[in-house]
Amino acid sequence: MKYVVPKVASSANEIENGSNEKNFPNPGLGIRHLQSLLLFLCVFCGYLQRVNLSVTIVAMTKFKDTEEKQIRGFPTYEWDNDICSYLHAAFFLGYFVMNFPAACLGVHFNVKRLLLVTFVVNGVLSCLTPLLINFHYTGSNEMLLQFKSWAGIGNWRALIVLRAVQGILQAFMFPTIHAISAKWAPPNERSRLVGFILSGIPFGTMVTLAGSGLLASNPYLGWPSVFYVSGASGLIWSLFWAWFGSSSPATHSAISSEEYNYITSKLPPEKTEKKVPWFNILTSVHVWAIIVAHTAHNWGFWLLLSEMPTFLHAVSGFNIKSDGLLSSMPYVTMWLLQFPVMWIADRLNKRGVTSITASRKIWTSIGQWGGAISLVALGYLDSNTTAAVALYVVSVGIGCCCNVGFNVNHMDLTSNYAGILMGLSNAFGATGGFGAPLIVSIFVEDVSSVSEWRIVFYIGAGILFFGNLFFAIFASGKTQSWNNKYTNIQT
């Protein structure tokens with residue numbers, strides 16, 4: 001295959017606005033779209049494995065229909081609320097701890113292989129989960145007897161360790177995806193290609209919420225099938241990724257010279273040394289703008305998704321979790337909105353209506369300030385359940401705007417260290433997973449008290465407002481000079 005040496009963009013503005021496109025015309029549908037599809041499916045399968053326990057734990061825990069479940073051959077366990085909380089938290093603890101180290105490892109190892117290996121192991125662990133839970137030893141081996149005694153009912157302590165390991169492995173997903181996407185997505189197509197990849201988050205979540213209940217309640221499949229299906233999906237994806245996936249256009253054997261030159265002509269040169277300009281990254285206000293926005297977004301996101309069902313049930317007596325389809329509606333809305341949002345964002349950039357910097361700020365503001373307004377309004381809709389549910393769905397749905405805002409901005413600043421930036425921002429952002437429920441535990445003593453919930457919503461809205469304000473002031477869509485610090489071409 002013969003490639004033309006592409007012209008490297010000579011200025012940050014040229015890279016930012018994609019003005020280099022005239023040198024190599026858009027070749028249309030190509031390998032970059034295949035990579036986007038593969039990475040979308042990666043996120044989808046990852047969220048099947050991440051969310052599966054949230055649904056199946058209801059079928060696994062003893063309730064009034066315990067005898068019926070046991071007759072069907074699917075045992076249930078006497079897990080109290082504390083044990084269930086530990087099981088939920090285990091994944092996110094491993095995820096939080098490993099995010100930044102995973103991004104650093106991506107600098108020194110092939111990111112395609114890192115993603116492949118971690119996904120294969122994660123899929124195997126998902127498939128092994130029912131076997132671990134149902135492991136019951138009645139022999140005389142002292143070591144296995146000690147394990148049985150330590151593991152507890154349903155081997156819940158062992159399950160905590162397994163879920164934590166899965167969290168550690170999934171911590172590699174987004175840093176490696178960002179590192180790969182930064183090499184495949186030209187600036188004027190970044191909102192579309194990466195926005196589509198990130199739409200795997202709501203898509204995977206809504207499929208899990210809607211489908212896991214059906215599998216778990218099936219008298220022939222039961223709750224173990226949820227883990228088998230989610231694990232098998234990851235293993236099947238791994239086969240396709242091993243065959244068709246690639247870390248960059250330069251390493252893909254089937255890419256045409258036209259598409260290769262089209263992509264690389266719009267991106268800065270790749271790094272030639274396995275070094276990271278840590279001082280430049282950690283002292284960059286543009287990087288901290290992403291970190292602050294990501295952290296604020298996750299606090300608002302988890303406050304809405306983890307606590308709103310409790311608010312609706314306690315204040316208005318409406319149980320949104322009782323209906324699998326209804327509980328998945330926020331994710332359905334987010335996924336459907338993602339497509340027009342990412343198309344509009346790229347069209348505005350391409351036509352010069354907005355620069356990439358302005359685009360990232362505008363879409364982040366819609367997602368975060370829109371969410372802030374929704375949180376404040378929710379505190380005054382206790383008597384109108386329909387309006388509260390509708391506002392809840394819409395407020396979660398518009399969060400998709402952030403996927404073409406700050407969530408893509410890592411790649412704008414640096415194509416060579418986008419994975420490092422994602423590891424940083426995602427590590428800080430993971431605090432929202434346990435921080436948002438902590439706010440509720442501090443300020444809400446009576447879950448039926450609207451005034452106490454209102455305080456929580458004000459705090460969440462404040463975090464979103466100031467997080468986006470910081471991003472709006474300090475964010476940039478221009479490639480930073482330190483991106484080329486360890487390349488053959490200096491800027």
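For residue 283, the test of being of a type in the set (S, T, N, Q), open to solvent by 30 Å² or more (accessible area, probe 1.4 Å) and more than 28 Å from residue 42 (Cα to Cα) is passed.
For region 119-158, the tally of residues that are closer than 14 Å to residue 90 by Cβ and charged (D, E, K, R) stands at 1. For region 233-289, filtering for residues that are of a type in the set (Gly, Ala, Ser) and either under 30 Å from residue 127 (Cβ atoms) or in a helix (DSSP H, G or I) (or both) leaves 10.
Of all residues in region 420-430, none are at pLDDT 85 or above, more than 19 Å from the chain's Cα centre (by Cα) and more than 30 Å from residue 272 (Cβ to Cβ). For region 148-169, the condition of being closer than 30 Å to residue 346 by Cα, in contact (Cβ under 8 Å) with a residue 24 or more places away in the chain and of a type outside the set (Lys, Arg) holds for none of the residues. When region 429-448 is filtered for residues that are touching a residue at least 60 places away in the same chain (Cβ under 8 Å), exposed (fewer than 15 other Cβ atoms within 10 Å of the Cβ) and of a type in the set (Ser, Thr, Tyr), only 448 remains.
Can you name every residue in region 102-119 that is modelled with pLDDT under 95 and under 17 Å from the mean Cα position of the chain (by Cα)? Hits for region 102-119 are 102, 103.
Once region 375-391 is narrowed to residues that are open to solvent by 10 Å² or more (accessible area, probe 1.4 Å) and in contact (Cβ under 8 Å) with a residue 60 or more places away in the chain, the residue that is nearest to the chain's Cα centre (by Cα) is 389.
Residue 8 passes every criterion in (1) at pLDDT below 50; (2) open to solvent by 60 Å² or more (accessible area, probe 1.4 Å) apart from (2). Taking every residue in region 270-290 that is modelled with pLDDT under 95 and pairing it with any residue that is outside any loop (DSSP other than H, G, I, E, B) and loosely packed, with under 12 Cβ neighbours inside 10 Å, at least 6 positions away or on another chain, the pairs with Cβ-Cβ distances below 7 Å are 274/108. Candidates 451, 481, 425: the one that is open to solvent by less than 10 Å² (accessible area, probe 1.4 Å) and of a type in the set (S, T, N, Q) is 425.
Only a single criterion out of (1) surrounded by fewer than 24 Cβ atoms within 10 Å (Cβ to Cβ); (2) of a type in the set (A, V, I, L, M, F, W, C); (3) closer than 17 Å to residue 285 by Cβ is not satisfied by residue 456, namely (3).
Of the residues that make up region 211-219, is at least one farther than 23 Å from residue 29 by Cβ, touching a residue at least 12 places away in the same chain (Cβ under 8 Å), part of a loop (DSSP other than H, G, I, E, B) and open to solvent by 20 Å² or more (accessible area, probe 1.4 Å)? Yes, there is a match, as at least one residue in region 211-219 is farther than 23 Å from residue 29 by Cβ, touching a residue at least 12 places away in the same chain (Cβ under 8 Å), part of a loop (DSSP other than H, G, I, E, B) and open to solvent by 20 Å² or more (accessible area, probe 1.4 Å). Please go through region 177-213 and give me each residue that is of a type in the set (Val, Ile, Thr) and more than 26 Å from residue 53 (Cα to Cα), ordered by number. Of everything in region 177-213, those that are of a type in the set (Val, Ile, Thr) and more than 26 Å from residue 53 (Cα to Cα) turn out to be 180, 194.
Of the residues making up region 22-55, just one is open to solvent by less than 40 Å² (accessible area, probe 1.4 Å) and modelled with pLDDT under 80, namely 55.
Mind checking which residues of region 353-370 are open to solvent by 60 Å² or more (accessible area, probe 1.4 Å) and either in contact (Cβ under 8 Å) with a residue 40 or more places away in the chain or not in a helix (DSSP H, G or I) (or both)?
Of everything in region 353-370, those that are open to solvent by 60 Å² or more (accessible area, probe 1.4 Å) and either in contact (Cβ under 8 Å) with a residue 40 or more places away in the chain or not in a helix (DSSP H, G or I) (or both) turn out to be 353, 362, 369.
Checking residue 318 against (1) part of a helix (DSSP H, G or I); (2) at pLDDT below 85; (3) under 27 Å from residue 51 (Cβ atoms), which test does it fail? It is condition (1) that residue 318 fails. Residue check: is residue 207 farther than 30 Å from residue 341 by Cα, in a helix (DSSP H, G or I) and in contact (Cβ under 8 Å) with a residue 12 or more places away in the chain? No. Please verify whether residue 457 is in contact with a Leu (Cβ under 6 Å, 6 or more places away or on another chain) and assigned to a helix (DSSP H, G or I), treating the condition exactly as stated. Spelling it out, residue 457 is indeed in contact with a Leu (Cβ under 6 Å, 6 or more places away or on another chain) and assigned to a helix (DSSP H, G or I).
Look at residue 403 and say whether it is crowded, with 18+ Cβ neighbours inside 10 Å, closer than 15 Å to residue 335 by Cα and either touching a residue at least 24 places away in the same chain (Cβ under 8 Å) or of a type outside the set (Lys, Arg) (or both). For residue 403, the condition - crowded, with 18+ Cβ neighbours inside 10 Å, closer than 15 Å to residue 335 by Cα and either touching a residue at least 24 places away in the same chain (Cβ under 8 Å) or of a type outside the set (Lys, Arg) (or both) - is met.
Quickly run through region 104-154 and pick out the residues that are of a type in the set (Gly, Ala, Ser) and under 30 Å from residue 39 (Cα atoms).
Those that are of a type in the set (Gly, Ala, Ser) and under 30 Å from residue 39 (Cα atoms): 106, 123, 126.
All of 295, 251 fail the test of being at pLDDT 90 or above and open to solvent by 60 Å² or more (accessible area, probe 1.4 Å), apart from 251.
The values are calculated or read from the model by the stated rules, or taken from the named source; none is laboratory data. Note that the structure is a prediction, hence the values are computed from the model and not measured. Every residue, glycine among them, receives a Cβ derived from its backbone with ideal geometry; neighbour counts consider all protein chains shown. In case anyone asks, the SASA skips ligands and DNA or RNA and just uses the protein heavy atoms, side chains included. Shrake-Rupley method; radii C 1.70, N 1.55, O 1.52, S 1.80 Å.
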